[in-house]
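Visitor: One structure is given below, represented as structure tokens, and several questions about it will come after.
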Amino acid sequence: MLAPGEPSFTPKKGKTSVVMFVGLQGSRKTTCMKYTHYYEKKGFKPALVCGDTFRAGAFDQLKQNATKAKIPFYGSYTESDPVRIAVKGVERFKKENCDLIIVDTSGRHKQEAARFEEMPQLSEAIKQDLVIFVVDSSIGRVAFDQAQAFKQSVPVGAAIVTKMDGHAKGGGALSA
């Protein structure tokens, strides 16, 4: 799925990098926001943008995690357009000179055409430096088909496989 031989993306202090997390519902994209905490410990100034307007608890979960970790957060209870929210959040944090801006997106799968079409719109609007595909290891070999669909829609440059400790199907997900 990923391009072998290409150097991996590495954010740099003092230069704003935007990273968009994509994946299926329940894959733990929002929980993966500990990515910001990791980079904060390395001296970066990270920020979180909630572009998930579909899942009812996404805004509250991300805001709670951001507050607990003392990481700047942007989202909206009233705006329903994830592209608008993401653009406003990225613009705000660029003005605040954040090194690493993470955009959390709604979960979706390849059979949801309308929601899948939203991803390229988000990607084009925020002009991210990296797209990370988050996949639940319990789906096994089905991960390959989903990964391919995501890769065809947005420029996926990295993957995170979650819940590896809970299933024997993790190998199938890794083979994707």
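One line per residue, one yes/no per condition, for (1) of a type in the set (D, E, K, R); (2) at pLDDT below 90:
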| site | (1), (2) |
| --- | --- |
| Thr53 | no, yes |
| Phe73 | no, no |
| Tyr77 | no, yes |
| Pro82 | no, no |
| Val87 | no, no |
| Glu91 | yes, no |
| Leu100 | no, no |
| Thr105 | no, yes |
| Met119 | no, yes |
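Visitor: Moving on. What's the total number of residues in the range 73-102 that are under 20 Å from Lys42 (Cβ atoms) and surrounded by 18 or more Cβ atoms within 10 Å (Cβ to Cβ)?
Guide: 7
Visitor: Additional query: Report, by residue number, each residue of the range 47-89 that is among the β-branched types (Val, Ile, Thr), in a helix (DSSP H, G or I) and out of contact with any helix residue (DSSP H, G or I) (no Cβ under 9 Å at 6 or more places or on another chain).
Guide: We begin by selecting, within the range 47-89, every residue among the β-branched types (Val, Ile, Thr); these are 49, 53, 67, 71, 78, 83, 85, 87.
Within this subset, residues satisfying the condition of being in a helix (DSSP H, G or I) are 67, 83, 85, 87.
Selection gives Thr67, Ile85.
Visitor: For the range 11-37, which residues satisfy the criterion of being at pLDDT 90 or above and on the phi < 0 side of the Ramachandran plot?
Guide: Of all residues in the range 11-37, those at pLDDT 90 or above come to 11-22.
Correct list: Pro11, Lys12, Lys13, Lys15, Thr16, Ser17, Val18, Val19, Met20, Phe21, Val22.
Visitor: Please give the number of the condition Gln128 fails out of (1) among the polar types (S, T, N, Q); (2) at pLDDT 90 or above; (3) more than 19 Å from Val154 (Cα to Cα); (4) surrounded by 16 or more Cβ atoms within 10 Å (Cβ to Cβ).
Guide: (3) is the only condition that Gln128 fails.
The values are calculated or read from the model by the stated rules, or taken from the named source; none is laboratory data. These numbers come from a predicted model, not from an experiment. Heads up, the Cβs are rebuilt from the backbone with ideal geometry, glycines too, and the neighbour counts pull from every protein chain shown.
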